[in-house]
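The values are calculated or read from the model by the stated rules, or taken from the named source; none is laboratory data. These figures come from a predicted structure and were not determined experimentally. Here Cβ is always computed from backbone atoms with ideal geometry, including for glycine, and neighbour counts include all displayed protein chains. Surface accessibility is based on the protein's heavy atoms, side chains included, excluding ligands, DNA and RNA. Shrake-Rupley method; radii C 1.70, N 1.55, O 1.52, S 1.80 Å.
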There are 4 protein chains.
Amino acid sequence: MYSFKNDYSEGAHPRILNALIESNLEQEEGYGEDSYSLKAIDLLKQKLGRTDVAIHLIPGGTQTNLIAISAFLRPHEAAIAAKTGHINTHETGAIEATGHKVVVAESDEGGKLTPEAVQAVLDAHPDEHMVKPKLVYISDTTEIGSIYTKGELEQLSEFCHAHNLILYMDGARLGSALCSEGNDLELSDLPELVDAFYIGGTKNGALLGEALVICRDALKEDFRYYIKQKGALLAKGRILGIQFLELFGDNLFFDLAAHANKMADRLREGLSEANFGFLADSPSNQIFPILPDILISSLQNNYSFHVWEKVDSDHSAIRLVTSWATKEEAISAFLEDIKELAKC
Amino acid sequence: MYSFKNDYSEGAHPRILNALIESNLEQEEGYGEDSYSLKAIDLLKQKLGRTDVAIHLIPGGTQTNLIAISAFLRPHEAAIAAKTGHINTHETGAIEATGHKVVVAESDEGGKLTPEAVQAVLDAHPDEHMVKPKLVYISDTTEIGSIYTKGELEQLSEFCHAHNLILYMDGARLGSALCSEGNDLELSDLPELVDAFYIGGTKNGALLGEALVICRDALKEDFRYYIKQKGALLAKGRILGIQFLELFGDNLFFDLAAHANKMADRLREGLSEANFGFLADSPSNQIFPILPDILISSLQNNYSFHVWEKVDSDHSAIRLVTSWATKEEAISAFLEDIKELAKC
Amino acid sequence: MYSFKNDYSEGAHPRILNALIESNLEQEEGYGEDSYSLKAIDLLKQKLGRTDVAIHLIPGGTQTNLIAISAFLRPHEAAIAAKTGHINTHETGAIEATGHKVVVAESDEGGKLTPEAVQAVLDAHPDEHMVKPKLVYISDTTEIGSIYTKGELEQLSEFCHAHNLILYMDGARLGSALCSEGNDLELSDLPELVDAFYIGGTKNGALLGEALVICRDALKEDFRYYIKQKGALLAKGRILGIQFLELFGDNLFFDLAAHANKMADRLREGLSEANFGFLADSPSNQIFPILPDILISSLQNNYSFHVWEKVDSDHSAIRLVTSWATKEEAISAFLEDIKELAKC
Amino acid sequence: MYSFKNDYSEGAHPRILNALIESNLEQEEGYGEDSYSLKAIDLLKQKLGRTDVAIHLIPGGTQTNLIAISAFLRPHEAAIAAKTGHINTHETGAIEATGHKVVVAESDEGGKLTPEAVQAVLDAHPDEHMVKPKLVYISDTTEIGSIYTKGELEQLSEFCHAHNLILYMDGARLGSALCSEGNDLELSDLPELVDAFYIGGTKNGALLGEALVICRDALKEDFRYYIKQKGALLAKGRILGIQFLELFGDNLFFDLAAHANKMADRLREGLSEANFGFLADSPSNQIFPILPDILISSLQNNYSFHVWEKVDSDHSAIRLVTSWATKEEAISAFLEDIKELAKC
């Protein structure tokens, strides 16, 4: 049984575990004030080419989203997201639990937001009888594996600045996005383009941990209070610092993402060769091939994955996710199996 | 420089790191449904002698408190805590941020609550113009290192049941409490006595992780929704399961706590022999000796610790915390240094 | 200038003001425990034919919705509403501000929910990574003037009971609904069919005030705490009791609604005779005729009303609302004016 | 039976009801945009001698407090109040329900806060592990009938500005405060001294209604959103405007308060002459005489009032509240009765 269910099925990249072991018995300050976290933050600023951003290491993605969004918004303000946006559907109302509505904007088929879609939301919220849409939530890669081009992000960024909106990017899979074919964004472009974003560790080789980068001055104040209040200031914050230091000390973060993407590429190519179509164009580590239901059933004997949605009466799209840990042999075996099974 | 500042200065006990390494490349389900978490939960139930409790592994202590308390209470209900209670003063209003008031009850000098103190709170809240006090929050050990005897806990438990109150115990330092001199409670006594409690991992040798035990049926329903909504359902929940499995697979959890206590005992004895008094009677891994301010200054050259409070014009109490990782040599050195410095 | 903008343009029915004057100098208990409120509640129970419901008088509609829904739901539970539902779009995120998501269900063109639409929402929320839909919010009349038949409500009611959902009806315009042509519901049917609902006073002749009726026992407990916590327990609660006593002491409540509907009927007939069509079939006190934009502009010189939505390049639907206070002469004048203007 | 229980036992001053009747059938805009509310706000600005304040009319006091405080604070910030402060004890956790802790400061025996008391709170909240105290809540009169002198308020104001704190005054009984013997504040002094305050209508002759005055620019933005979100934007907002217009059109507001105070003065004098002492020095419309319990029992046959607290084994303090509606004859009768009863 091999799992393509997600990119967090394994533990951490071995170098990360080693780093934890090497530093294990050193005494460090608690609550993110340890020397590793401080160094990791400095290193990230260096990689971003910006010393004026604020960076906080936070255990998980939903947590990062809810802390950032609730810290950035005043009580009557709302977040705008695609229907497929993670905060809209897959975080158990975490944003609403902090008091804020998530307003759905029409997205293109790839789950991406455009200035036009955001404008339509603004138009529909003219006065104080409705919430005030204030923050635009996007993710790169999106929930369905698509990526933003630099041009698309620039347009959205200009629009948001012109309309006094906060542009926030969920980067749970930012590594994969930045290493995708067709991507023309660099990590260091982001502070210019968005007001805040996070660099996902959990889905790219860390045990846990996301690095929230706050680029706009007005959003930085007192931020550690919010982290603490939501229970996200780990006593042993060092374990986040050590991991990010390892991931960004050399090119490990990008190497891991590139591996995941390469494994997805091989799956995509193999499935295309076998004449299977795809639900959407996703150049990243998630692909959505459309398969006969009967074939899906057979595959489930040896592989685990999500059945994403019905496509027609006897076909469905499945989601295959690769990661830093995906083995080439597993890819080969899967492709062989599917070709074999498809014959039947 | 040696730190007695807290019990989370080091990483994790080496056996825990080993366990993470050994399981690292196995594929597991996400979000706490992995085989390690399931096994750890079974093991904990076994240790508690109860199969009918619900157990959830949660990354941190503040998080566990805020999730449990906000899940247990309806909007108009309040928690009762000692003034020194962690939720009252040291969690940045985490409970209030979920909508609930923390009502302060008078505690004895050790920071413990009694039925009389809780009764006084109830008396002061007779009708709907005030919140309805509903949950009694205690911790063992308390913030100032004292412990509840079985008799004390039984009295509080009876009182709470008689008054339809929820009794909740914060066990961030439960290991140390259960291994303290004078303790007559066993882990397996707790499900009978409290409605919910947590077993602290972070301060007793884990990298992170607390095990919340819900004993009362009415409090169990849909609990995973609350964990997810507050951002505490780790994608790689396995890292919590693996750690608790290691801590409770044999006697490691208690061995680590016993070591911490033994180190505190040695400090306590040494300081007593040197004729220093203590702010409070704390049989656990936190002690509060009263020292001349001038001596405190000198000690700070080689040791880090919290200065707890002024006692008189030229004396203060300091807090010394020991842990699973505290070295015997450090204790000896500290005691020698203090005796030497006290001579001057 | 005459306004058809809404049904709260005037003050209160004169009998209500008289009742306030007559009782004015009597000393009464505060916070809704006055003799008038108690009598009004008894009277409403009598009209409902049920002594086992709990009734609370609350100043406004948004307030009633937010108090009831936040009291009924646990933190992870969500309300289901039509896209046009008042809580979804026109209450500034009041429900989300109490921590709960409003999930949109597909409604029919009249803005009404069906079991199928609710089932689709349930299907899309299978587990703890999403909110748990728990309360179905409907309104009668709906935001666009349509009404539920008894059969429709019975179906929805059965579905909700079968799926352990709470069915809640916003009755801001319940008077008009119950007096509409085609209505086959009676006020006394509601406690059987819904778990809670409110009888709107503000839009049917009162200065302010809504009567919330809680029919399901499990939802009644401690309800006055919620009213107080949200700031809705008026010191002089008598002013709500006096008004409902006057409205229901004889048939005044229904007489006022019937008048509003009759005025709308006359508008509807007159406009039909003049060959204007309607956006939707609304048998109540709100109608949505489709007019040429140029005619709308002319009408705006003498009448105020909402322009509801563009229909085509040179037509729009407007909303005309009648009330207990609408004058027959105003209706006649409007119809004459429109016929005159339409000639041009 | 005559009630001295509170200052909201009767309806409204007859002139207010007349004003409601006279304007009753005029068509007005909804939601506080009616001409009466706009005029009332202009009038209040004139009385305050300031055109640059923002004024909002809100139905009730708890509502005003919770809307203002939750709008002014960011999520990690807390309000500071006296233990006796209304928001701390008598609003069912309304402030906490919006997510903010109420931190108790030591007050003097009259329930008033001083710069020293606020400083002590700041000292106890040094970092992000605790809430950030940000808003100082005071009331004039206080819960126990005392008043702030201009000098006291100036000191507190300077302190708050120096420490970047928001100074907020609950003026539920501001009329009585400003007309008390010993008062040297004028209504027009307040915008200089506090950042926001409200002028209480409900307890000074209105049916309902409080006028919130926001003096600091940074606190004004988007305020109507907050009112709407909390359900406090009345559809018929005119009823608030009409009342404040009547109260401040001439000197009615102050005349009513002066009457209430005069009635309390007569009670105070009569009780002093009869040699009864008082719990506290309260120059306003609430007095707290200390009486033998046996006498209290006898009085309760003919008068209703709150028994405030036990003073010794056979004496208690009671609270007597007078209002705009208190009758001179009732005062005379009460004083005669008490003298008569005291003889027995």
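Only residues that are charged (D, E, K, R) and either farther than 28 Å from B:M263 by Cβ or in a loop (DSSP other than H, G, I, E, B) (or both): list them for region B:175-197, please. Can you show your working first?
Taking region B:175-197 first, the residues charged (D, E, K, R) are B:181, B:184, B:186, B:189, B:192, B:195.
Passing the criteria: B:E181, B:D184, B:E186, B:E192, B:D195.
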Determine which single condition C:D184 fails, assuming it passes every other condition in (1) among the acidic types (D, E); (2) in contact with a strand residue (DSSP E or B) (Cβ under 8 Å, 6 or more places away or on another chain); (3) away from every other protein chain (no Cβ under 14 Å).
(2)
Within the set of pairs 6 or more residues apart or between chains, which connect a residue that is open to solvent by 10 Å² or more (accessible area, probe 1.4 Å) inside region D:199-210 to a residue that is at pLDDT below 95 with Cβ atoms less than 8 Å apart?
none
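Does B:E77 satisfy the condition of being modelled with pLDDT of 95 or more, out of contact with any strand residue (DSSP E or B) (no Cβ under 7 Å at 6 or more places or on another chain), surrounded by fewer than 24 Cβ atoms within 10 Å (Cβ to Cβ) and not assigned by TED's automatic domain parsing to the domain that holds B:D265? Walk me through it before giving the result.
Numbers: modelled with pLDDT of 95 or more: yes; out of contact with any strand residue (DSSP E or B) (no Cβ under 7 Å at 6 or more places or on another chain): no; surrounded by fewer than 24 Cβ atoms within 10 Å (Cβ to Cβ): yes; not assigned by TED's automatic domain parsing to the domain that holds B:D265: yes.
The answer is no for B:E77.
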Restricting region C:117-136 to residues that are open to solvent by 30 Å² or more (accessible area, probe 1.4 Å) and under 26 Å from C:A280 (Cβ atoms), which is nearest to the other protein chains (Cβ to nearest Cβ)?
C:A120
Tell me which residues, restricted to region C:198-231, are in a loop (DSSP other than H, G, I, E, B) and aliphatic (A, V, I, L, M).
C:A206, C:L207, C:L208
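Among what's in region D:137-148 and is in a loop (DSSP other than H, G, I, E, B) and among the hydrophobic types (A, V, I, L, M, F, W, C), pick the residue that is surrounded by the most Cβ atoms within 10 Å (Cβ to Cβ). Can you show your working first?
We begin by selecting, within region D:137-148, every residue in a loop (DSSP other than H, G, I, E, B); these are D:140-148.
Pick out the ones that are also among the hydrophobic types (A, V, I, L, M, F, W, C) and you get D:144, D:147.
Working: D:I144: 23, D:I147: 28.
If we take residues in region D:137-148 being in a loop (DSSP other than H, G, I, E, B) and among the hydrophobic types (A, V, I, L, M, F, W, C), then D:I147 is surrounded by the most Cβ atoms within 10 Å (Cβ to Cβ).
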Tell me which residues, restricted to region B:62-116, are within 11 Å of chain A (Cβ to nearest Cβ), assigned to a loop (DSSP other than H, G, I, E, B) and in contact with a His (Cβ under 8 Å, 6 or more places away or on another chain).
B:H90, B:E91, B:T92, B:G93
Filter the helices (runs of 4 or more DSSP H) completely within region D:238-312 down to those with at least 2 residues that are surrounded by fewer than 18 Cβ atoms within 10 Å (Cβ to Cβ) and more than 14 Å from every other protein chain (Cβ to nearest Cβ).
D:252-273, D:293-299
A:R50, sole failed condition from (1) without any contact (Cβ under 8 Å) to a residue 60 or more places away in the chain; (2) in contact with a helix residue (DSSP H, G or I) (Cβ under 8 Å, 6 or more places away or on another chain):
(1)
Please go through region A:1-23 and give me each residue that is assigned to a loop (DSSP other than H, G, I, E, B) and either of a type in the set (S, T, N, Q) or over 30 Å from A:F334 (Cβ atoms) (or both), ordered by number.
A:N6, A:S9, A:S23
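Quick one: which residue in C:I69, C:I21, C:I41 is open to solvent by less than 10 Å² (accessible area, probe 1.4 Å) and not charged (D, E, K, R)? It would help to see each step written out before you state the result.
Working: C:I21 fails: open to solvent by less than 10 Å² (accessible area, probe 1.4 Å); C:I41 fails: open to solvent by less than 10 Å² (accessible area, probe 1.4 Å).
Of C:I69, C:I21, C:I41, the one residue that is open to solvent by less than 10 Å² (accessible area, probe 1.4 Å) and not charged (D, E, K, R) is C:I69.
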With the structure loaded, tell me whether C:K101 is open to solvent by 10 Å² or more (accessible area, probe 1.4 Å), closer than 21 Å to A:I95 by Cβ and of a type in the set (K, R) or whether it fails that test.
yes
So C:A117, is it in contact (Cβ under 8 Å) with a residue 12 or more places away in the chain and more than 27 Å from C:V307 (Cα to Cα)
yes
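Quick one: would you say D:L234 is surrounded by 24 or more Cβ atoms within 10 Å (Cβ to Cβ), over 21 Å from the mean Cα position of the chain (by Cα) and either at pLDDT 95 or above or not in a strand (DSSP E or B) (or both)? Lay out the reasoning, then the answer.
Details: surrounded by 24 or more Cβ atoms within 10 Å (Cβ to Cβ): yes; over 21 Å from the mean Cα position of the chain (by Cα): yes; either at pLDDT 95 or above or not in a strand (DSSP E or B) (or both): yes.
The answer is yes for D:L234.
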Would you check which residues across region C:24-38 are outside any helix (DSSP H, G or I) and open to solvent by 50 Å² or more (accessible area, probe 1.4 Å) and list them?
C:L25, C:E26, C:Q27, C:E29, C:E33
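Condition first: at pLDDT 95 or above, open to solvent by 20 Å² or more (accessible area, probe 1.4 Å) and in contact with a Gly (Cβ under 6 Å, 6 or more places away or on another chain). Can you find one or more residues in region B:188-195 that meet it?
Let us first name the residues in region B:188-195 that are at pLDDT 95 or above, namely B:188-195.
Going one step further and asking which of them are open to solvent by 20 Å² or more (accessible area, probe 1.4 Å), we end up with B:188-189, B:192.
Now drop any that are not in contact with a Gly (Cβ under 6 Å, 6 or more places away or on another chain), which leaves B:188.
So far as region B:188-195 goes, yes, one or more of its residues are at pLDDT 95 or above, open to solvent by 20 Å² or more (accessible area, probe 1.4 Å) and in contact with a Gly (Cβ under 6 Å, 6 or more places away or on another chain).
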